[in-house]
Amino acid sequence: SKYKIWIDPQHGYNIAQAEISRGGEGTEFGNDREISISTYLRNVQFKKIDDVWVTMEADYGFYRKMVAGDFESSDHHCKRTEFVLNPDHEALGSFETNFIRNGASTNLIGTPGILYTWQDGQVVDEKGRKVDLEKVKAKSKKVKVKRRK
């Protein structure tokens, strides 16, 4: 892997540009059909908000080459129209879950490939039993620690 990162000291030492190149079969998530992937971040625009430099706009994308000779590319432009530092989360209800509909698919970070369902304000398994999130996280950490011999 090759990483090039441009840091902008005049804008809070934020990343102003980046290029990442990785090569070799299976370079992303064990995808054995992939030969290489290049990712970029360019044209980054900053704005000073309450004495903090915030990234407001940028172009980003990737180019992926596959073993069979085909490719995939994606180019995007992202622009923030507003950024609030230190919002009043209680007044905004930022972390309330009452907007999630029953039956929504749910996955937990660190447990790839395992899907759960949201039901009546909680995560449940395929049999409708409440999932013990702490237990799942602990089990996931144990699996990650195991090493091949």
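Within region 128-149, does at least one residue satisfy the condition of being outside any loop (DSSP other than H, G, I, E, B), among the basic types (Lys, Arg) and modelled with pLDDT of 95 or more? Even if it seems obvious, please write down each step before you answer.
Step one: of region 128-149, the residues outside any loop (DSSP other than H, G, I, E, B) are 130, 133-145.
Filter once more, keeping what is among the basic types (Lys, Arg): 130, 135, 137, 139, 141-142, 144.
Right, trim to modelled with pLDDT of 95 or more and you get none.
No.
With respect to ILE109, determine if the residue is at pLDDT below 95, aliphatic (A, V, I, L, M) and exposed (fewer than 11 other Cβ atoms within 10 Å of the Cβ). Here the answer is yes, as ILE109 does meet what is asked.
Within region 3-48, being over 20 Å from the mean Cα position of the chain (by Cα), assigned to a strand (DSSP E or B) and at pLDDT 95 or above holds for TRP6, ILE7, ASP8, ASN43, GLN45, PHE46, LYS47, LYS48. Report yes if some residue within region 66-73 is assigned to a strand (DSSP E or B) and either in contact (Cβ under 8 Å) with a residue 24 or more places away in the chain or of a type in the set (Val, Ile, Thr) (or both); otherwise report no. Checking region 66-73: at least one residue is assigned to a strand (DSSP E or B) and either in contact (Cβ under 8 Å) with a residue 24 or more places away in the chain or of a type in the set (Val, Ile, Thr) (or both).
Checked against (1) surrounded by 10 or more Cβ atoms within 10 Å (Cβ to Cβ); (2) in a loop (DSSP other than H, G, I, E, B); (3) within 21 Å of the chain's Cα centre (by Cα); (4) not aliphatic (A, V, I, L, M), PRO87 meets all criteria but (3).
The values are calculated or read from the model by the stated rules, or taken from the named source; none is laboratory data. This is a predicted model, so every value here is computed, not measured. Note that we place each Cβ from the backbone using ideal geometry, even for glycine, and neighbour counts take in every protein chain shown.
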